[in-house]
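So the structure is just underneath, and the comments pick up after that.
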Amino acid sequence: MLNHLKIGLRLSLLLTVVLGLLFFIAFTALQGLDTARTDLQVTNETKLKPTRLTGRIQRMVAQTQIQSLLALQHDPRSSFVELHDHQLGVHLNAIDEAQATLLRSIEEIKQHRMSDEERKLISAVESTVAAYLSEGVAPTRRLLEQGNFYQANVTLLQQMNPKAVAFQNAIADLNNYFNDSANALYEQASADGARARLLTLTVSGVAILFALLVGTLVIRSITRPMGEVSAAAERMARGDFAFDLQSD
């Protein structure tokens, strides 16, 4: 099949086939890597970043509660008032800062790409945060600032804490959704990786077999004529000539 081609052309053909197969293997591997990178990017953008924001929101809610409780210790009738080396305003300012960070985080989490289910869950979190701030934190802080520590404590127990529980339930539902969907993305990425690995191995195996086949054909097309020439030379050296004699 290749006997009519020059030796240089045959070797060039073999090299071209090998390089083509190597390129195809590299291309298949790169496709698998691109798929994995895309899966990681989607997971980071749609799950990890929002999860970090929900964690910050939870910390800020906890911060408003902690600062309110610390502020209550500034009650002149409290046995802990003398243990504080600062004024009540330190805790009130900390409550304000936590509220501002909380509201910014809510707006940030609403900016990421959301499914309908995420939008519903985030809306529920936003509603509970609004209720917590307006019906729990705001009146408690106002009473603390007025020095009405007893009523502030009552408001904290009867209004702030129940609103905080409602918020925790809503944020837990959102976190559970993020965890479940992140697991689904992980399983999908694992399946994509397994398919890419299988495809790469399959293509590599086929490429190796094809390269061996082409290489064998090229080598045989070169060595067979050389063997025939060598055998003819040996016969000539032995004086083994064959003549076809025809009589007239």
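Find the all-direction average of the projected area of the Cα convex hull for the stretch 97-180, expressing the result in square nanometres with one decimal place. All intermediate terms of the calculation are to be shown ahead of the outcome.
Values: hull surface 22.4 nm².
That works out to 5.6 nm².
How much length, in nm to one decimal, is gained on full extension between S78 and S204, taken as 0.36 nm per residue of separation minus their Cα-Cα distance?
Working: separation 126, 0.36 × 126 = 45.36 nm, distance 7.73 nm.
The span from S78 to S204 would gain 37.6 nm if fully extended.
Would you work out what percent of the accessible area of the stretch 125-168, with all protein chains in place, is carbon or sulfur (probe 1.4 Å)? Kindly include the intermediate steps, with their values, before the conclusion.
Details: 1060 of 2080 Å².
Of all accessible area on the stretch 125-168, carbon and sulfur atoms account for 51 percent.
The values are calculated or read from the model by the stated rules, or taken from the named source; none is laboratory data. None of these values were measured; they are calculated from a predicted model. The protein model used for the area step is the full one, side chains on, heavy atoms only, and it has no ligands, DNA or RNA in it. Shrake-Rupley method; radii C 1.70, N 1.55, O 1.52, S 1.80 Å.
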